[in-house]
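The values are calculated or read from the model by the stated rules, or taken from the named source; none is laboratory data. This one's a predicted model, so the numbers in the text were calculated from it and none came from an experiment. Cβ placement follows ideal geometry from the backbone for every residue including glycine, while neighbour counts extend to all protein chains displayed.
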Amino acid sequence: MTASPLAQKVLSLPYDERERLLAELIDSLHDGNTGEVVQGDAWDRSWAAELDARLSGVEDGTVATVPADQVLAEMRAGILPARR
């Protein structure tokens with residue numbers, strides 16, 4: 001598999017420049033619902049709300065959990081679909 005020309009250029013940058021670029025790319029991500037940039041405290045609040053909702057689902061039994069050993073075994077066996 002070969003990287004795109006752009007990816008090759010980016011990967012050839014020094015570490016600190018790649019790190020800065022990555023931070024800029026992450027900051028450029030938009031909230032899918034509002035189209036607004038989510039960063040800083042808004043990012044933290046958004047993730048905290050998501051984590052609270054997921055934890056509540058586990059605690060009240062509406063979300064099924066899978067033991068880590070089972071997930072790892074399935075990954076090793078190639079059963080889980082590849083994620084992009």
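Of note:
- Where helices (runs of 4 or more DSSP H) fall entirely within segment 2-84, none has at least 2 residues that are modelled with pLDDT of 90 or more and touching a Lys or Arg at 6+ places or on another chain (Cβ under 7 Å).
- Residues of segment 41-64 that are within 20 Å of the chain's Cα centre (by Cα) and either surrounded by fewer than 10 Cβ atoms within 10 Å (Cβ to Cβ) or in contact (Cβ under 8 Å) with a residue 12 or more places away in the chain (or both): Asp41, Ser46.
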